[in-house]
Amino acid sequence: MTYSKKYTDLSRKMLIEKVSQQMSDKRFQHVLRVEEKACHLADLYQVDREQASIAALTHDYAKERPDNEMIDLIQSKGFDKTLLDYGNAIWHGILGAYLVQQELGINDPVILEAIETHTTGEKVMSELAKVIYVADYVEEGRQFPVVKEARQLAEKNLDEAVAFETKHTLLHLINKEMKIYPKTIETYNAWVVNP
């Protein structure tokens, strides 16, 4: 795919190079699979393919950043201090959008929203945000009990796939007795309880 320069001055090759430098090969392979799935879903649901590619390639840009760096960003850049009660599973989306903007010069608000919400979802999500949220969950490397059903649903109805993912993510967190970020509960209420 050749980028149009509408969303970034970087070519896809340059973006891939910059992203790959921020993570392990295992994480980078996941990112490439998310991009593949996101582009497929973008085509299926008439979402801008270039935006899907850029958002997918950058969605985990901050995933492997050291905790102390993330804590410093939360404290020094005006982020909600309650983020400090959560770990990188939450931080990497919210702070990742900030870092993608600052370090890669990507300023498109729809792409940044998709990065920011790819782990928590949101009450109201753009079509691109839904594509990235679902693509990250169902990419071909994922293996968990309901992944086959999630993949089938992603092919049929994007909104139902968002609801399914949200419900099963919340069930997973509850079963593991993990702390749940409030936005995840808001997403559940909006997409599962009151769709």
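The values are calculated or read from the model by the stated rules, or taken from the named source; none is laboratory data. In this text the structure is predicted, and so the values were computed from the model without any measurement. Note that we place each Cβ from the backbone using ideal geometry, even for glycine, and neighbour counts take in every protein chain shown. In case anyone asks, the SASA skips ligands and DNA or RNA and just uses the protein heavy atoms, side chains included. Shrake-Rupley method; radii C 1.70, N 1.55, O 1.52, S 1.80 Å.
As a test of the formula, what do you get for the chain when each DSSP H run with n ≥ 4 contributes -39,500 (n - 2.57) and the sum is divided by the residue count, at 222 nm and rounded to the nearest 500 deg cm²/dmol? If you can, show how the numbers build up before the last one.
On the way: 10 runs with 121 residues, N = 195.
Counting only the DSSP helices, I get -19500 deg cm²/dmol.
At 1.4 Å probe size, with no ligands or nucleic acids counted, give the accessible surface of M178 in Å², nearest ten.
Result for M178: roughly 100 Å² accessible.
Kindly list the residues of segment 153-195 that lie in the label zone of D85, defined by a backbone N under 15 Å from the point 7 Å along the Cα-to-C-beta vector.
Of the residues in segment 153-195, 178-186 have backbone N under 15 Å from the label point off D85.
Could you please report the charge total around Y7, scoring K, R as +1 and D, E as -1 over all other residues with beta-carbon less than 12 angstrom from its beta-carbon? It would help to have the intermediate numbers written out before the result.
Details: positive: K5, K6, R12, R49; negative: D9, D48, E50, D108.
Charge balance in the 12 Å sphere: 0.
Between L44 and V110, what FRET efficiency follows from the Cβ-Cβ distance if R0 is 25 Å, with the result rounded to 0.05? Kindly include the intermediate steps, with their values, before the conclusion.
Numbers: r = 18 Å, r/R0 = 0.71.
About 0.90, to the nearest 0.05.
Quick one: net charge of L173's neighbours, Cβ under 15 Å, K/R +1, D/E -1? Walk me through the intermediate numbers first.
Numbers: positive: K167, K176, K179, K183; negative: D85, E165, E177, E186.
In short, 0.
For segment 123-195, how many pairs of lysine residues have a Cα-Cα distance under 18 Å, where the two are 8 or more positions apart or belong to different chains?
11
Using the Cβ atoms and a cut-off under 13 Å, what net charge is assigned to the surroundings of Q102, where Lys and Arg are +1 and Asp and Glu are -1?
Net charge in that neighbourhood comes out at +1.
Please list W91, W191 from largest to smallest accessible area, probe radius 1.4 Å, with all protein chains kept in place. The partial results should precede the final answer.
On the way: W91 10, W191 35 Å².
The ordering from most to least exposed comes out as W191, W91.
Of all the accessible heavy-atom surface of segment 126-183, with the other protein chains kept in place and a 1.4 Å probe, what percent is carbon and sulfur? Walk me through the numbers before you get to the answer.
Values: 1600 of 3070 Å².
Whole-percent figure for carbon plus sulfur exposure: 52.
Once label points are set 7 Å from the Cα along Cα→Cβ at both E103 and D72, what is their separation, rounded to one decimal in nm?
1.2 nm
³J(HN,Hα) across segment 185-193 via Karplus (A = 6.51, B = -1.76, C = 1.60, θ = phi - 60°), whole Hz, x for Gly/Pro?
Ordered by residue, 3J(HN,Hα) equals 5, 4, 5, 4, 4, 6, 9, 10, 7 Hz.
Dipole of segment 43-162, Cα-centred, from +1 at each Lys and Arg C-beta and -1 at each Asp and Glu C-beta, to the nearest 20 debye? The partial results should precede the final answer.
Details: 11 positive and 23 negative charges, 38 e Å.
With Lys and Arg at +1 and Asp and Glu at -1, about 180 debye.
Show T82, T120 ordered by accessible area, largest first, where the area counts protein heavy atoms only and the probe is 1.4 Å.
Values: T82 70, T120 5 Å².
From most exposed to least exposed: T82, T120.
Loop only by DSSP, 14 or fewer other Cβ within 10 Å of the Cβ. Give me the trypsin sites (Lys or Arg not before Pro) in segment 1-96 that pass, ordered by residue number. Intermediate values should be presented prior to the final figure.
Working: sites: K5, K6, R12, K13, K18, K26, R27, R33, K37, R49, K63, K77, K81; in loops: K5, K6, K63, K77.
Of the trypsin sites (Lys or Arg not before Pro), the ones in loops of segment 1-96 whose Cβ has at most 14 other Cβ atoms within 10 Å are K5, K6, K77.
S4 versus R27, label points 7 Å from Cα toward the beta carbon: distance in nm?
3.1 nm
Roughly how many nanometres apart are two label points built 7 Å out from the Cα toward the Cβ at K176 and K13?
Here the answer is 3.8 nm between the modelled labels.
Within the chain, which is the longest segment that contains none of the GluC sites (Glu not before Pro) sitting in a DSSP loop with at most 12 other Cβ atoms within 10 Å?
Details: sites that count: E140, E177.
With a cap of 12 other Cβ atoms within 10 Å, the longest stretch comes to 1-139.
For Cα pairs less than 8 Å apart in space and 6+ apart in sequence, what is the mean separation divided by the residue count of the chain, i.e. the relative contact order in percent?
Working: 254 pairs, mean separation 39.1, N = 195.
Relative contact order comes out at 20 percent.
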